[in-house]
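Engineer: Below are the structure tokens for one structure; questions will follow.
The values are calculated or read from the model by the stated rules, or taken from the named source; none is laboratory data. No experiment lies behind these values; they were computed from the predicted model shown. Cβ placement follows ideal geometry from the backbone for every residue including glycine, while neighbour counts extend to all protein chains displayed. Areas reflect the complete protein model, heavy atoms only, side chains present, ligands, DNA and RNA absent. Shrake-Rupley method; radii C 1.70, N 1.55, O 1.52, S 1.80 Å.
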Amino acid sequence: MSRTFLMVKPDGVERRLVGEILSRLERKMLRVTAMKLTRVSRDTAHAHYEEHRDKPFFGDLVAFITRGAVVAMVVEGPQAVETVRSLMGATNPIAAPPGTIRGDFGIEITENLVHGSDSEASAEREISLYFTADELAGPTS
Ligand SMILES: Nc1nc2c(ncn2[C@@H]2O[C@H](COP(=O)(O)OP(=O)(O)OP(=O)(O)O)[C@@H](O)[C@H]2O)c(=O)[nH]1
Ligand SMILES: [Mg+2]
């Protein structure tokens, strides 16, 4: 068992796809062990996406991720990072196959509905960026 960080981005919340996305995780037998509806501050967005700081799309990415409510989750299961990335589909929704979240609901690279950590190290870094120790200690059954 391992865990990863998943976020339903502002477009996913605006489009009322939180339930759909949760349902896909649960059908795959993944377990959500922490979850909250929140807003991403500008500082948190910069910390989260610091690897992309020098990319031309960084400004658009920060404006997008901070524009509305998101749902942040800790998701647990076998090879959680890979399993969640596989349910999400490729970064560009046009390249993501039908059956994936981005492939079924996305059409545009910035508004690609979900974020999932790309490694176990990123997962731990992102979980501590979005959740306090108390929030992570809640009931899990
Ligand atoms: N406009 C634009 N946006 C990009 C491009 N590459 C990445 N992005 C955006 O930046 C985000 C982070 O990029 P990556 O970390 O490389 O992609 P990812 O891991 O599939 O996506 P995240 O789960 O959001 O981290 C993506 O979700 C996209 O919204 C690009 O070439 N052009
Ligand atoms: Mg990424």
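Engineer: Just name one of VAL84, TYR49, SER122: the one whose Cα is farthest towards the positive end of the charge dipole of the chain (beta-carbon charges, Lys/Arg +1, Asp/Glu -1).
Structural biologist: VAL84
Engineer: Quick one: putting +1 on the C-beta of Lys and Arg, -1 on the C-beta of Asp and Glu, what dipole do you get for the chain around its Cα centre, in Debye to the nearest 20?
Structural biologist: For the chain, the charge dipole is close to 320 debye.
Engineer: If you take the beta carbon distance between ARG125 and ARG39 as r and set R0 to 25 Å, what does 1/(1 + (r/R0)^6) give as a FRET efficiency, to the nearest 0.05?
Structural biologist: Once rounded, the FRET efficiency stands at 0.80.
Engineer: At 1.4 Å probe size, with the rest of the protein present, what percent of the exposed accessible area of the chain is carbon and sulfur atoms?
Structural biologist: Within the chain, the accessible surface is 52 percent carbon and sulfur.
Engineer: On a C-alpha basis, how far is the centre of the stretch 1-62 from the centre of the stretch 73-124 in Å? Whole number, if you could?
Structural biologist: 9 Å
Engineer: Run the simple label-point estimate for ARG53 and MET1 please: 7 Å along Cα→C-beta, distance reported in nm.
Structural biologist: My value for the distance between the label points is 3.6 nm.
Engineer: Quick one, can you get me the convex hull of the C-alpha atoms of the stretch 1-66 expressed as volume per residue in Å³?
Structural biologist: 112 Å³
Engineer: Multiply the residue separation of ASP118 and ALA133 by 0.36 nm, subtract the distance between their alpha-carbon atoms, and state the gained length in nm to one decimal.
Structural biologist: Gain on extension, ASP118 to ALA133, equals 3.2 nm.
Engineer: In nm, to one decimal, how far is the modelled label at MET29 from the one at ARG15, with both set 7 Å along Cα→Cβ?
Structural biologist: For MET29 paired with ARG15, the spin-label model returns 2.9 nm.
Engineer: Based on the Kirkwood radius over alpha-carbon pairs, what value in µm²/s does the Stokes-Einstein equation return for the translational diffusion coefficient of the chain at 20 °C and 1.002 mPa s?
Structural biologist: Answer, rounded: 142 µm²/s.
Engineer: Another question, then. Hey, what did the chain get for relative contact order, percent, Cα under 8 Å, at least 6 apart?
Structural biologist: Normalised by residue count, the contact order of the chain is 37 percent.
Engineer: Shifting gears a bit: For the stretch 70-141, max minus min Cα coordinate along each principal axis, in Å, sorted largest first?
Structural biologist: Answer, in whole Å and largest first: 39, 24, 23 Å.
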